[in-house]
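Peer 1: Quick one: the structure is below, questions incoming.
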Amino acid sequence: MALFLQQVFNGIMLGSTYAIVALGLTLVFGILHIPNFAHGHLYMLGAYIGFFLMTLYGFGFWTALIASMIILALVGMLVERIVYRPLQNRPVINSFISAVGALMILETGVIVLWGPQGRRIPNPYPGIVDLLGITMTWQRLLVILVAIVLIILLQIFIKKTTVGTTIEAVAQNREGAMLVGINVNWVFSLTFAISTATAAAAACLVAPIFMISPTMGALLGMKAFVIVILGGLGSIPGAILGGYILGLLEAIGGGYLSAAYKDVYAFGALILILSIRPTGLFGREVS
Amino acid sequence: MLLEVKNLSKHFAGLAALHNVSLQIREGEVLAIVGPNGAGKSVLFNLINGMLRPTSGKIHFLGEDIAGLKPHLIARRGIARTFQTTALFDQLRVVDNLAIGYRLRNTHGFWSTIFHSRDWKEDRARTTANVMETLDFIGLAEKAFHPVSSLSQAEQKRLSIGVALISQPKIILLDEPTGGLILEDTDEITDLIKKIYKVAGITICLIEHKMRMVMDLAHRIIVLNFGSMIAEGSPEEISKNPEVIEAYLGAEYLA
Amino acid sequence: MPAIRFLLKKWFYVLLLVLAMALPFLITNRYYFQIVIMGCLFSITTLSLNLILGYTGQASLAHAGFFGIGAYGVALMTKSGISFWLALPLSALFAALIGFLIGLPTLRTRGSYFAIATLCFGVIVSIVAGSWIEFTGGYTGLVGVPHPTPLPLPIIGVIGFETQTAQYYLVLAFLLLTLLVMHRLVYSLLGLSFMAIRNNEALAEAVGVNTFAGKILSFVVANFFAGLAGGIYASLVGSISPSTASIDLTFSWLVYLLLGGAATLAGPIIGAFVIPVIMEYLQFLQEYRLIIFGALLIAVIIYFPRGLMGGFSTLQQRVREFYGQRRGVKHAVRS
């Protein structure tokens, strides 16, 4: 029983990470209709920037995290401008290819700058809490807490603020939004910035727990896509729910079944669901 | 009776794009569907040719229920259509577009293609013959090898009608075939449509806004408004129907 | 005689073929010869990627995964004594079958979902190859894969495949086979319907093309040839590992395809030969290879979506138009 609860806790922590990353992605993919394959790699870059700032410039953990979010927001806007915007009126397959180019640059760039081996980030909150037989490190609890805060903030931002409704307006009708005087390009940039900044936050939170490596983003990015597809493009609750479900699935499955194949679950789920419902779990029919 | 639509409805998240529409298309006629923008005309075509699934109701073609079938199966049964925004394969040439339109009348598959079997060669010969015939019929023979992007608007409209024609359909659904064209070009298309039903004997169902053209061409007119059918009859009857005049035609037609 | 007239018309390709056949006598350096052999092999993979991506417009990013399936298939079968000539077609067919099974749920949905699903699948193949230790030798892979079984031919006698020359002719033969199949597919109504799917899938469906069947066919054929190339690779190189199915390979082929020219037959071959050769000369840039490829990919897709060959084929098209009108409409159907 204790083992099970432990896995549940781990699953929630993992799920929190997935939820944030999937959230950022559903904003960009679901709302802007840009399949940002490089999302996972931007997440990875966020972790590396955090690491870089902490080890080379002695930044504190929280300062590094916020700085990383800001830097990644800028990088995200740059990526949108260079990699996706020139292709916005072309068939989407061109965006895939461009995205592949972007992720190649990001991954190899990090390898060239910081080497291919994994790195450790010092753990800023090394304490442990023992509750109900579960060992919870403070860092893991922090991940869950900050994730929930970020998710709530994002929800409020999208639903309640003017900027948020603007983003939704652009998503529904780009031309209409332009006619009403909304600067669509600015909205695209902003959405991307939010998407990558939140990913950076998640990456920095998780970095002290696991090692960081240039390839850490690839699998995560793919899983984020799976979550977004299954949860419904553009659906924030879907992304959150999907993230937690996947986290739990991997933790429990990995603990009880096979650790080596835990990454395969997400993919297996995708194929299974697509076979039954080609529009995804909560997707709508495209006419 | 070729095509019958019974109590057909299409709802999009609460909005009734089409509500309880029933109509028939009879063999050999030219039926026009008119109505203000948003009345549900294109939705009706999309339902008939399979691009949308009905929320409720039936669509019978030659006695068979075709509602919800995939578009390519409906096309194979003999319903062809054109689109409001001229839809062509713009990365390809004129002859390619026509050849694709004829594809559904071919029987050969993968292995025949690899080995250039006899039925592949026969299909190719037949396709070539049909493409040439259609090119002449629509008057685009000189532009045969040109890329679609080099054609004028009117020529593109003619080509899309040609693509519908070459599949040897029993019915062609024309969705605003003269949309955005000037008077001369409109008359050209009108003549082409007349040629289609007089010479080729194909039934036509036409969505149009240009009332003069509709009155000239159509044997029967159906009027839609806000997703429902409000009138049906000959051009004479429609032009005198007060509801229709009020909804759509405007005061000048009262005279 | 029609055959001689044909040869004279296509003299350029005949010359190329003669050159290709004579190549082993022109190259003496083992290392460069190996590059040429790999070039031929990757031409097969790039040509097949071209079928699903360039002609049918579906973003399959799983190509190296099917290459890997073919490679592991041949490796396992030949190591347990089965003849190469049986193992190869079986592995290629197996790759095609897996492609069919993966394609069924994923090609019914939007293009984006297909791209993601294939991206995932490609990575999953690497993971499985690395984790299924009893079967695949784990992350160290398999070694000692035998060269193709000696083949008894009429008149010539038995030919072995221990020498580079023999291996080259083997790969060349398969490359020509692939070219023939691709040529027949592309210059046909079937090929035209693939391009229709790429251009405007909804319209293709509306005019009677069974787009789902077309996509599946294109995908399965492409994966067959990817598996075929993989199987040959395993037997020639002698050892394989999960990196044989690495997503990096797919990305490289994508670069070869786009730079050489998608939706042409010469483009993939040109890309598969020219780019690795250039990279050989720029050895000092090896570390930055993927960065350069990535940047090139972005630049090309935005500014030169038709690649090198694309510009050439536009020229070809203009010439053909001009002649086509004079020669009459006999060649109305793409031939």
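Peer 1: Hey, can you tell me all the residues within region B:95-119 that are closer than 30 Å to residue B:151 by Cα and in contact with a Phe, Trp or Tyr (Cβ under 7 Å, 6 or more places away or on another chain)?
Peer 2: B:95, B:96, B:97, B:100
Peer 1: Looking at (1) within 26 Å of residue C:186 (Cβ to Cβ); (2) assigned to a loop (DSSP other than H, G, I, E, B), find the lone condition where residue B:101 falls short.
Peer 2: (2)
Peer 1: Criterion first (under 22 Å from residue B:78 (Cβ atoms) and acidic (Asp, Glu)) does residue B:155 satisfy it? Give the steps one after another, and end with the answer.
Peer 2: Numbers: under 22 Å from residue B:78 (Cβ atoms): no; acidic (Asp, Glu): yes.
Answer is no for this residue.
Peer 1: Now, a different point. On the given criteria, is residue C:153 at pLDDT below 85 and either within 14 Å of chain B (Cβ to nearest Cβ) or under 30 Å from residue C:33 (Cα atoms) (or both)?
Peer 2: So residue C:153 passes the test.
Yes/no matrix, rows are residues, columns are (1) under 19 Å from the mean Cα position of the chain (by Cα); (2) of a type in the set (Asp, Glu); (3) modelled with pLDDT of 90 or more; (4) over 17 Å from residue B:93 (Cβ atoms):
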{"site": "B:110", "(1), (2), (3), (4)": "no, no, yes, yes"}
{"site": "B:122", "(1), (2), (3), (4)": "no, yes, yes, yes"}
{"site": "B:129", "(1), (2), (3), (4)": "no, no, yes, yes"}
{"site": "B:148", "(1), (2), (3), (4)": "no, no, yes, no"}
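Peer 1: For the structure I just gave you, tell me whether residue C:34 is surrounded by fewer than 18 Cβ atoms within 10 Å (Cβ to Cβ) and touching a residue at least 60 places away in the same chain (Cβ under 8 Å).
Peer 2: yes
Peer 1: While we're looking at this one, here's another question. Pick from B:59, B:33, B:79: which is on the phi < 0 side of the Ramachandran plot, in contact with a Cys (Cβ under 8 Å, 6 or more places away or on another chain) and not aromatic (Phe, Trp, Tyr)? Even if it seems obvious, please write down each step before you answer.
Peer 2: On the way: B:59 fails: in contact with a Cys (Cβ under 8 Å, 6 or more places away or on another chain); B:79 fails: in contact with a Cys (Cβ under 8 Å, 6 or more places away or on another chain).
That would be B:33, the only listed residue that is on the phi < 0 side of the Ramachandran plot, in contact with a Cys (Cβ under 8 Å, 6 or more places away or on another chain) and not aromatic (Phe, Trp, Tyr).
Peer 1: At least 2 residues that are within 14 Å of chain C (Cβ to nearest Cβ) in each: list the strands (runs of 3 or more DSSP E) lying fully within region B:27-85 that qualify.
Peer 2: Fully inside region B:27-85 and qualifying: B:79-81.
Peer 1: Can you work out which of the residues in region B:192-239 that are assigned to a strand (DSSP E or B), within 15 Å of residue B:26 (Cα to Cα) and among the β-branched types (Val, Ile, Thr) is nearest to the chain's Cα centre (by Cα)? Don't jump to the end; show me each part of the working.
Peer 2: As a first pass, look at region B:192-239 and keep what is assigned to a strand (DSSP E or B): B:203-207, B:220-225, B:228-233.
So of that shortlist, the ones also within 15 Å of residue B:26 (Cα to Cα) come out as B:203-206, B:220-222, B:232-233.
Cutting the leftovers down to among the β-branched types (Val, Ile, Thr) gives us B:203-204, B:221-222.
On the way: B:203: 10, B:204: 7, B:221: 15, B:222: 15 Å.
Top of the filtered list is B:204.
Peer 1: Further question on the same structure: Specify the residue that is modelled with the lowest pLDDT; the eligible residues are those in region A:238-287 that are of a type in the set (Lys, Arg) and outside any helix (DSSP H, G or I).
Peer 2: A:284
Peer 1: Pairs only if they're at least six apart or on different chains, beta carbon under 9 angstrom, first in region B:29-47 and under 22 Å from residue B:245 (Cα atoms), second among the hydroxyl-bearing types (Ser, Thr, Tyr) and part of a helix (DSSP H, G or I); list them, first residue then second.
Peer 2: Once the first residue is under 22 Å from residue B:245 (Cα atoms) and sits in region B:29-47, its partners that are among the hydroxyl-bearing types (Ser, Thr, Tyr) and part of a helix (DSSP H, G or I) give B:30/B:197; B:34/B:248; B:35/B:248; B:36/B:248; B:39/B:248.
Peer 1: Go through A:172, A:155 for me and flag whichever is more than 14 Å from chain C (Cβ to nearest Cβ), surrounded by fewer than 19 Cβ atoms within 10 Å (Cβ to Cβ), of a type in the set (S, T, N, Q) and more than 16 Å from residue A:23 (Cα to Cα).
Peer 2: A:172
Peer 1: Does residue C:89 satisfy being farther than 22 Å from residue A:222 by Cβ and modelled with pLDDT under 90? Break it down into steps so the answer makes sense when it comes.
Peer 2: Details: farther than 22 Å from residue A:222 by Cβ: yes; modelled with pLDDT under 90: no.
The answer is no for residue C:89.
Peer 1: Could you go through region B:148-170 and let me know if any residue there is free of Cβ contacts under 8 Å to residues at least 40 places away in the same chain and at positive phi.
Peer 2: No - not one qualifying residue is present in region B:148-170.
Peer 1: Of all residues being more than 10 Å from every other protein chain (Cβ to nearest Cβ) and aliphatic (A, V, I, L, M) in region B:97-140, which is surrounded by the most Cβ atoms within 10 Å (Cβ to Cβ)? Just the residue, please.
Peer 2: B:138
Peer 1: Now for a separate question. Just give me the residues in region C:187-196 being farther than 15 Å from residue B:163 by Cβ, buried (at least 20 other Cβ atoms within 10 Å of the Cβ) and within 10 Å of chain B (Cβ to nearest Cβ), in sequence order.
Peer 2: Within region C:187-196, C:188, C:190, C:191 qualify.
Peer 1: Then there's this: Taking residue A:139 as the residue in question, decide whether it is out of contact with any His (no Cβ under 6 Å at 6 or more places or on another chain), more than 8 Å from every other protein chain (Cβ to nearest Cβ) and not in a loop (DSSP other than H, G, I, E, B).
Peer 2: yes
Peer 1: In addition: Condition test on residue B:91, is it at positive phi and within 11 Å of another protein chain (Cβ to nearest Cβ)?
Peer 2: Working: at positive phi: no; within 11 Å of another protein chain (Cβ to nearest Cβ): yes.
Considered against the rule, which asks whether it is at positive phi and within 11 Å of another protein chain (Cβ to nearest Cβ), residue B:91 comes out as no.
Peer 1: Taking residue B:223 as the residue in question, decide whether it is touching a Phe, Trp or Tyr at 6+ places or on another chain (Cβ under 7 Å) and at pLDDT 85 or above. Outline the logic, then answer.
Peer 2: Numbers: touching a Phe, Trp or Tyr at 6+ places or on another chain (Cβ under 7 Å): yes; at pLDDT 85 or above: yes.
Yes.
Peer 1: Now for a different question. Taking region C:39-83 as the search range and keeping residues that are surrounded by fewer than 24 Cβ atoms within 10 Å (Cβ to Cβ) and over 28 Å from residue C:187 (Cβ atoms), which one is farthest from the other protein chains (Cβ to nearest Cβ)?
Peer 2: Among those residues, the one meeting the criterion is C:81.
Peer 1: Can you tell me which residue is surrounded by the most Cβ atoms within 10 Å (Cβ to Cβ) among those in region C:115-155 that are assigned to a loop (DSSP other than H, G, I, E, B), out of contact with any strand residue (DSSP E or B) (no Cβ under 8 Å at 6 or more places or on another chain) and not hydrophobic (A, V, I, L, M, F, W, C)?
Peer 2: C:148
Peer 1: Moving to a separate point now. Could you give me the residue pairs with C-beta distances under 7 Å whose first residue belongs to region C:123-144 and is without any contact (Cβ under 8 Å) to a residue 60 or more places away in the chain, whose second residue is crowded, with 20+ Cβ neighbours inside 10 Å wherever it lies, and which are 6+ apart or on separate chains?
Peer 2: From region C:123-144, the pairs are C:124/A:267.
Peer 1: Between a first residue in region C:11-31 that is loosely packed, with under 13 Cβ neighbours inside 10 Å and a second residue that is of a type in the set (Ser, Thr, Tyr), which pairs have beta carbons less than 9 Å apart while being 6 or more apart in sequence or on different chains?
Peer 2: C:21/C:169; C:25/C:165
Peer 1: To continue, here is another question. Hey, among A:209, A:194, A:182, which residue is under 21 Å from residue A:85 (Cα atoms), in contact with a Ser or Thr (Cβ under 8 Å, 6 or more places away or on another chain) and more than 14 Å from chain C (Cβ to nearest Cβ)?
Peer 2: Result: A:182 is the single residue among A:209, A:194, A:182 that is under 21 Å from residue A:85 (Cα atoms), in contact with a Ser or Thr (Cβ under 8 Å, 6 or more places away or on another chain) and more than 14 Å from chain C (Cβ to nearest Cβ).
Peer 1: Scan region B:162-177 and give yes if some residue there is within 22 Å of residue B:41 (Cβ to Cβ) and more than 14 Å from chain C (Cβ to nearest Cβ), otherwise no.
Peer 2: Yes, because at least one residue in region B:162-177 is within 22 Å of residue B:41 (Cβ to Cβ) and more than 14 Å from chain C (Cβ to nearest Cβ).
Here is a yes/no grid of residues against (1) more than 19 Å from residue C:257 (Cβ to Cβ); (2) touching a Gly at 6+ places or on another chain (Cβ under 7 Å):
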{"site": "C:2", "(1), (2)": "yes, no"}
{"site": "C:6", "(1), (2)": "yes, no"}
{"site": "C:17", "(1), (2)": "yes, no"}
{"site": "C:20", "(1), (2)": "yes, no"}
{"site": "C:29", "(1), (2)": "yes, no"}
{"site": "C:39", "(1), (2)": "no, no"}
{"site": "C:46", "(1), (2)": "no, yes"}
{"site": "C:51", "(1), (2)": "no, no"}
{"site": "C:55", "(1), (2)": "no, yes"}
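Peer 1: Now, a different point. List the pairs whose first member sits in region C:194-214 and is charged (D, E, K, R), whose second member is buried (at least 21 other Cβ atoms within 10 Å of the Cβ), and whose Cβ atoms are under 7 Å apart, counting only residues at least 6 apart or on separate chains?
Peer 2: C:198/C:55; C:198/C:56; C:198/C:57; C:201/C:211; C:205/B:71; C:205/B:72; C:205/C:211
Peer 1: May I pose another question? Check off (1) surrounded by 17 or more Cβ atoms within 10 Å (Cβ to Cβ); (2) over 26 Å from residue A:231 (Cβ atoms); (3) out of contact with any strand residue (DSSP E or B) (no Cβ under 8 Å at 6 or more places or on another chain); (4) modelled with pLDDT of 90 or more for residue A:52 and give me the number that stays unchecked.
Peer 2: The single condition residue A:52 does not satisfy is (4).
The values are calculated or read from the model by the stated rules, or taken from the named source; none is laboratory data. All figures in this text were calculated on a predicted structure; none of them were measured in a lab. Glycine also receives a Cβ, built like all others from the backbone with ideal geometry; neighbour counts cover every protein chain displayed.
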